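In what follows, a single structure is set out as structure tokens and then discussed.
The values are calculated or read from the model by the stated rules, or taken from the named source; none is laboratory data. Note that the structure is a prediction, hence the values are computed from the model and not measured. Note that we place each Cβ from the backbone using ideal geometry, even for glycine, and neighbour counts take in every protein chain shown. Just the protein is used for accessible areas: all its heavy atoms, side chains included, with ligands, DNA and RNA removed. Shrake-Rupley method; radii C 1.70, N 1.55, O 1.52, S 1.80 Å.
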Amino acid sequence: PPENRRKGYIGRLLHAALSLFAHQGFAKTSTREIAEAAGTNLAAIKYYFGDKEGLYRAVFFEMQGDPEVEIARYADPALPLTVALRGLYTGFIEPLRQGDAAQLCMKLHAREILEPTGLWQQEITEGIKRLLVFYEVALR
């Protein structure tokens, strides 16, 4: 079906881009390299992500999942604190055991700090600060 094909293209592009951006950085990675590694054409990047920057943004933000979902799962005040904390930390640590993708995401984030494009600053102002507020509410 077309939806499966679409998801396949997007997934291949995201994973190929993650690997290349993590190893080479944003500036040194070409869209041609990404398309070739993903087994797609250049037009797929433009179609699904707009441009290289849009693909980089998707890799940087979408590949890491949604921590708010994990936090909300254990925010029930009736849960004992030890159960809630164990579940919360397991949710954050478990992806690190899943292989390449988590390690590549960590490498990409480290590279973003050393070779900034502005996304790390956006992650701090929009993501991390928002999570801190969410934690404060959940721990009340």
Filter pass, Leu104 being at pLDDT 75 or above and touching a Ser or Thr at 6+ places or on another chain (Cβ under 7 Å): yes
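How many of the residues making up the stretch 75-118 are among the acidic types (Asp, Glu) and in a loop (DSSP other than H, G, I, E, B)?
Residues flagged as among the acidic types (Asp, Glu) and in a loop (DSSP other than H, G, I, E, B) within the stretch 75-118 amount to 2.
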Top-ranked residue in the stretch 10-48 [being outside any helix (DSSP H, G or I) and of a type outside the set (Ser, Thr, Tyr); ranked as farthest from the chain's Cα centre (by Cα)]: Asn41
Filtered residues of the stretch 37-50 (kept if open to solvent by 40 Å² or more (accessible area, probe 1.4 Å), touching a helix residue (DSSP H, G or I) at 6+ places or on another chain (Cβ under 8 Å) and on the phi < 0 side of the Ramachandran plot): Ala37, Asn41, Leu42, Tyr48
Single condition Tyr89 does not satisfy, out of (1) open to solvent by 100 Å² or more (accessible area, probe 1.4 Å); (2) at pLDDT 75 or above; (3) under 22 Å from Val59 (Cβ atoms): (3)
Residues of the stretch 1-40 classified as farther than 19 Å from Glu62 by Cα and among the aliphatic types (A, V, I, L, M), total: 2
